[in-house]
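Q: After the C-alpha cells below, expect a handful of questions from me.
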Amino acid sequence: MISLRALAIEAGGFGVGPLDLDVPVGEYAVLLGPSGAGKTLVLEAVAGIRPVRTGAVLIRGEDVTRMPAERRGVGLVFQDGLLFPHLTVAQNIAYGLGAAWPAWPGRRRRALRPGVARLAAETGVTELLDRRPATLSGGERQRVALARALAPGPRLLLLDEPLSAVDADAREGLQDLLRRLSVDDGLTVLHVTHDLGEAFAVGGLFAVLVAGRLQQVGALYDVLRRPATVEVARFMGARNVFEARPVPGDSSRLALAPGGTLRISGPAPAGVRHAVVRPDDITVLPEKYPSIGVGENVLAGRVRRVICAGATSVVEVDVPPLFRAAVSARELEALGIEPGIMVGLHVPAAAVHAV
Amino acid sequence: MSGRRPSLFWAACAVAGALLVAFVVLPAASMIAGAGAGFLGEALRQGDIRRSLWLTVSAALIATAIAFVVGVPLAYVLARRDFVGKRAIEGLIDLPIVFPHTAAGIALLTVYGRDGMVGRLLAPFGISFTETVAGIVLAMLFVSLPFLVDTARETFALVDERYEHVARTLGSSPGGAFLRVTFPQAWRGVLAGAVLMWGRGISEFGAVVILAYNPKVISVLTFERFEGFGLRAAQPPAVLIVIVAFVVFLAVRAVLLPRRGRLRKGAP
C-alpha cells in the first residue's frame, strides 16, 4: 500500500492538502485535476524531491517522509521524458542499473548489458540503444524514460503527464505498455494528468485534486457519474451544474435556482445544494415531439448556440436555465438544429445527480 | 510591410557590425604590423619577456583553477537555491567588475598587504602577497572571479533541475546527480567562463601593479618598457600576449562549439 497521511505541501505561496490517499499494491492510480491543482507537487513529495510541510508518505508501510529520494525506491517519468542528453539510450537505461559512470570500462559495463537488453526489450526500444535522445520521437523518448525508471526495480512508479507530449499512435502503444506493467508485472503506479482520456485509458483508481484539495477518490464511474463535489463534476465535464434545493414535500424533485424543477431517481440526500447533469446524458428532441410539456424531465427551450466540435457538438438550449447537451453530427443534421429554433430536452431522472 | 525594408534593416546591421569588428581588429592588427617581421623570435629570445609571459599565463591559470574550485560550487548553489541574502551575494560577487582596478589593488593591499589583517596573520608562515607571485594570483583572482561565477551560474540555471530529480530517483546522491548529469551538460559554459576569467586575468594591470610590481607580469613589463624606452620597445611583449590569448581563445572555441555532425546526433 502506498499511503499519504494528512500530506500538506507548500510551494511559492500555494498550498496542497492536507490530503489522505491509499493506493493498494499493484493498483494503477491516477491523480486527476486541472492545471495548477497541485498534482505535480504531490508527485514530487512522494518522490522525495520536494519537502512536505506536514503529514507522511508511506510506501509498503515504511515511512519515507524524511528519506532522501535515492533511497525511496520510486521511479519517476516526466512529461518530456527528460532523458540525459549527453548519454545514449543504452547509457540512460544503464544509469538506472547503477552504472557508476556513463563510459565505465570493462567488466562492470559488460555486466550491465543483459539488464539493459531486458529492459529495452520490455519497453520496445531495442533498436534505439545506440541513439542519442535528441534523435528520438516523443513516444520513443517516453519508452526509454520508462525503461530507465524501471531499471532500479522501483516499488512505485510515478508518472507526470507521460502521454501528453506524444502523438495519437504512440500514445496507444504507451497506454498498452503502462497497463501491462501494472497488470502483468504488479507494479504500483501513481499517474498524474489533467487529461481525462489519458486517465480513463490506463487508470483503475482515480483521485481528483482541485485547487490543492483532494475532492474524491474512487473508480471510474464513481468520479464520472457520481461526483462528490461541484468541482469534481465540472472537471469531469458535467457542464450543467445548477444551484438546487429539494422541493418541499417531494424530496425526489429538485427546484433549480434559475427556475424549473428536475425529477431525480430516489430521494435527495440531506444537504443537497446542486443538481448536476452531464451533456451526454441529455437527449435533444424535435420541437413537435409529442411529450413536450407533459413528460417527466422533458423541457422545452430555444437553441441559443451550437458549438461544433467535430463528431460531437454542444447545443446550448435556453429553457431557462441554460442547458448544454451533447449531440452527434448525425442528430444535429437530422433534427435541423440551429440557433433560434425550439427543441425539447429529455433529462432522465437517473442522470440527474444531486450534490 | 514593404519587401525592401528587411534587406535595408539587414544591411544596416551588417554595416554596424563591420564597423565594430574593424574597431576591435584594427588596433591589434596595427600593433602586430608595427612590430615588424620576425618580432616573435626576437621577443622570445629576450629573457625578461619569456619569464614575464610564463608568469602571466601561469598566474592567471592558477587564479582560474582556484576560482574553479571555490566558484563553481557557489555558482551551482546560486543557480539552484533560493535563500535570504542570495541577491546580495550575487551583487557582491560582481563587485570587482565595477571596482576601478587600481582601487581593487589598494583594497587588496589593506587586507593582504604586510600591515593588512590577513597579511599580518600569514606573515609568520612566510606567506606574503606583496611583490610575490601569490600577490599576482590574488589580484587576478579578485578582478576576474565574476566572469567564471556568473557564466557558470547562468549555465547551470539553463540545465533543467528535473534532470537531477530523475537522477536522484535512479539512485544518485545530490553530488552524484551534479557530477553525472548536470555538469556534463554544463561543462562547455563553465569552460567558457573559465577562459573568459583567464583572459581577464592575463590582461590585468591596475590591481597587480599595486600589489606586486615585481615579478613583472606582461602588462607591467609592457608599461615599464613604454615608459622607459618608448613604443618600439613595448610592442614585442604586447604583441606576444595578444597572440597567445588569441590562439588560446580560438582553441577553446573549437572545443566549445559542437561540430555539425555531433549536433545532428543530438550531442549537447
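The values are calculated or read from the model by the stated rules, or taken from the named source; none is laboratory data. Just so it is clear, the structure is predicted and the values come from calculations on it, not from any experiment. All Cβ positions, glycine included, derive from the backbone under ideal geometry; neighbour counts span all protein chains shown.
Q: Within the range B:111-141, restricting attention to residues that are among the small types (Gly, Ala, Ser) and closer than 21 Å to residue B:57 by Cα, which residue is surrounded by the most Cβ atoms within 10 Å (Cβ to Cβ)?
A: B:139
Q: Given the conditions (1) of a type outside the set (S, T, N, Q); (2) farther than 30 Å from residue A:63 by Cα; (3) within 14 Å of chain B (Cβ to nearest Cβ); (4) surrounded by 21 or more Cβ atoms within 10 Å (Cβ to Cβ), and given that residue A:134 satisfies all but one, which numbered condition is not satisfied?
A: (4)
Q: Now for a separate question. Can you pull out the residues in the range B:164-186 that are farther than 18 Å from residue A:88 by Cα and either more than 7 Å from chain A (Cβ to nearest Cβ) or in a helix (DSSP H, G or I) (or both)?
A: Scanning the range B:164-186 gives B:165, B:168, B:169, B:174, B:175, B:176, B:178.
Q: Give the residue that is farthest from the chain's Cα centre (by Cα), with candidates limited to residues of the range A:220-256 that are in a strand (DSSP E or B), of a type in the set (D, E, K, R) and within 19 Å of residue A:323 (Cα to Cα).
A: Among residues in the range A:220-256 that are in a strand (DSSP E or B), of a type in the set (D, E, K, R) and within 19 Å of residue A:323 (Cα to Cα), the one farthest from the chain's Cα centre (by Cα) is A:253.
Q: Go through the range B:181-223 and give me each residue that's β-branched (Val, Ile, Thr) and over 23 Å from residue B:69 (Cα atoms). Show your work before the answer.
A: Of the residues in the range B:181-223, the ones β-branched (Val, Ile, Thr) are B:181-182, B:190, B:195, B:202, B:208-210, B:217-218, B:220, B:222.
Within the range B:181-223, B:209, B:210, B:217, B:218, B:220, B:222 meet the criteria.
Q: Scan the range A:290-315 for residues that are within 23 Å of residue A:259 (Cβ to Cβ), at pLDDT below 75 and surrounded by fewer than 16 Cβ atoms within 10 Å (Cβ to Cβ) and jot them down.
A: Of everything in the range A:290-315, those that are within 23 Å of residue A:259 (Cβ to Cβ), at pLDDT below 75 and surrounded by fewer than 16 Cβ atoms within 10 Å (Cβ to Cβ) turn out to be A:291, A:293, A:294, A:295.
Q: For the range A:27-40, name all the residues that are touching a helix residue (DSSP H, G or I) at 6+ places or on another chain (Cβ under 8 Å) and either buried (at least 24 other Cβ atoms within 10 Å of the Cβ) or of a type in the set (Val, Ile, Thr) (or both).
A: A:30, A:31, A:32, A:33
Q: Mind counting the residues in the range A:41-71 that are surrounded by fewer than 21 Cβ atoms within 10 Å (Cβ to Cβ), touching a residue at least 60 places away in the same chain (Cβ under 8 Å) and within 14 Å of chain B (Cβ to nearest Cβ)?
A: 0
Q: A follow-up question, please. Which of (1) touching a strand residue (DSSP E or B) at 6+ places or on another chain (Cβ under 8 Å); (2) modelled with pLDDT under 90 does residue A:237 not meet, given it meets every other one?
A: Evaluating residue A:237 over (1) touching a strand residue (DSSP E or B) at 6+ places or on another chain (Cβ under 8 Å); (2) modelled with pLDDT under 90 leaves (1) as the failure.
Q: Sticking with this one: Somewhere in the range A:175-188, is a residue assigned to a helix (DSSP H, G or I) and touching a His at 6+ places or on another chain (Cβ under 7 Å)?
A: No, that holds for no residue.
Q: Free of Cβ contacts under 8 Å to residues at least 60 places away in the same chain, among the charged types (D, E, K, R) and either within 30 Å of residue A:49 (Cβ to Cβ) or buried (at least 16 other Cβ atoms within 10 Å of the Cβ) (or both): does that describe residue B:82? Steps first, please.
A: Numbers: free of Cβ contacts under 8 Å to residues at least 60 places away in the same chain: yes; among the charged types (D, E, K, R): yes; either within 30 Å of residue A:49 (Cβ to Cβ) or buried (at least 16 other Cβ atoms within 10 Å of the Cβ) (or both): yes.
So residue B:82 passes the test.
Q: While we're here: Considering only the range A:327-339, state which residues are under 23 Å from residue A:259 (Cβ atoms) and part of a strand (DSSP E or B).
A: none
Q: For the range B:173-193, give me each residue that is under 18 Å from residue B:77 (Cβ atoms) and of a type in the set (Gly, Ala, Ser).
A: Passing the criteria: B:173, B:175, B:176, B:177, B:186, B:189, B:193.
Q: Out of B:161, B:224, B:204, I need the residue that is over 21 Å from residue B:58 (Cβ atoms) and either modelled with pLDDT under 95 or within 13 Å of chain A (Cβ to nearest Cβ) (or both). Which one?
A: Going through B:161, B:224, B:204 in turn, the sole match is B:161.
Q: Run down B:39, B:23 and say which single residue is hydrophobic (A, V, I, L, M, F, W, C), out of contact with any Asp or Glu (no Cβ under 8 Å at 6 or more places or on another chain) and loosely packed, with under 10 Cβ neighbours inside 10 Å.
A: After ruling out the rest, the residue left standing is B:23.
Q: Now a separate question. Among (1) over 20 Å from residue B:143 (Cα atoms); (2) surrounded by 14 or more Cβ atoms within 10 Å (Cβ to Cβ); (3) at pLDDT 90 or above, where does residue B:66 come up short?
A: (1)
Here is a yes/no grid of residues against (1) within 22 Å of residue A:97 (Cα to Cα); (2) without any contact (Cβ under 8 Å) to a residue 60 or more places away in the chain; (3) away from chain B (no Cβ under 14 Å); (4) of a type in the set (D, E, K, R):
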residue	(1), (2), (3), (4)
A:113	yes, yes, yes, yes
A:117	yes, yes, yes, no
A:121	yes, yes, yes, no
A:130	yes, yes, no, yes
A:145	yes, no, no, no
A:161	no, no, no, yes
A:185	yes, yes, yes, yes
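Q: Then there is this: Within the range A:200-219, identify whether any single residue is outside any strand (DSSP E or B), out of contact with any helix residue (DSSP H, G or I) (no Cβ under 8 Å at 6 or more places or on another chain) and crowded, with 16+ Cβ neighbours inside 10 Å, and answer yes or no.
A: yes
Q: Is it true that some residue in the range B:83-90 is within 30 Å of residue A:83 (Cα to Cα), part of a helix (DSSP H, G or I) and aromatic (Phe, Trp, Tyr)?
A: The initial filter retains those residues of the range B:83-90 that are within 30 Å of residue A:83 (Cα to Cα), namely B:83.
Pick out the ones that are also part of a helix (DSSP H, G or I) and you get none.
No; the residues of the range B:83-90 include none that is within 30 Å of residue A:83 (Cα to Cα), part of a helix (DSSP H, G or I) and aromatic (Phe, Trp, Tyr).
Q: If you check every pair at least six apart or on different chains, which have Cβ atoms under 6 Å apart with a residue in the range B:147-163 that is part of a loop (DSSP other than H, G, I, E, B) first and a residue that is hydrophobic (A, V, I, L, M, F, W, C) second?
A: Listed by first residue and then by second, the contacts come to B:159/B:186.
So that you can scan it fast, the table gives a plain yes or no per residue for (1) on the phi < 0 side of the Ramachandran plot; (2) out of contact with any Lys or Arg (no Cβ under 8 Å at 6 or more places or on another chain):
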residue	(1), (2)
A:15	yes, no
A:24	yes, yes
A:38	no, yes
A:47	yes, no
A:54	yes, yes
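Each row is one residue, and each column tells you yes or no for (1) surrounded by 21 or more Cβ atoms within 10 Å (Cβ to Cβ); (2) of a type outside the set (Ser, Thr, Tyr).
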| position | (1), (2) |
| --- | --- |
| B:143 | yes, yes |
| B:185 | no, yes |
| B:194 | yes, yes |
| B:198 | yes, yes |
| B:203 | no, no |
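Q: Quick check, is residue A:154 surrounded by fewer than 23 Cβ atoms within 10 Å (Cβ to Cβ) and either within 14 Å of chain B (Cβ to nearest Cβ) or closer than 30 Å to residue A:62 by Cα (or both)?
A: Working: surrounded by fewer than 23 Cβ atoms within 10 Å (Cβ to Cβ): yes; either within 14 Å of chain B (Cβ to nearest Cβ) or closer than 30 Å to residue A:62 by Cα (or both): yes.
Against the criterion (surrounded by fewer than 23 Cβ atoms within 10 Å (Cβ to Cβ) and either within 14 Å of chain B (Cβ to nearest Cβ) or closer than 30 Å to residue A:62 by Cα (or both)), residue A:154 qualifies.
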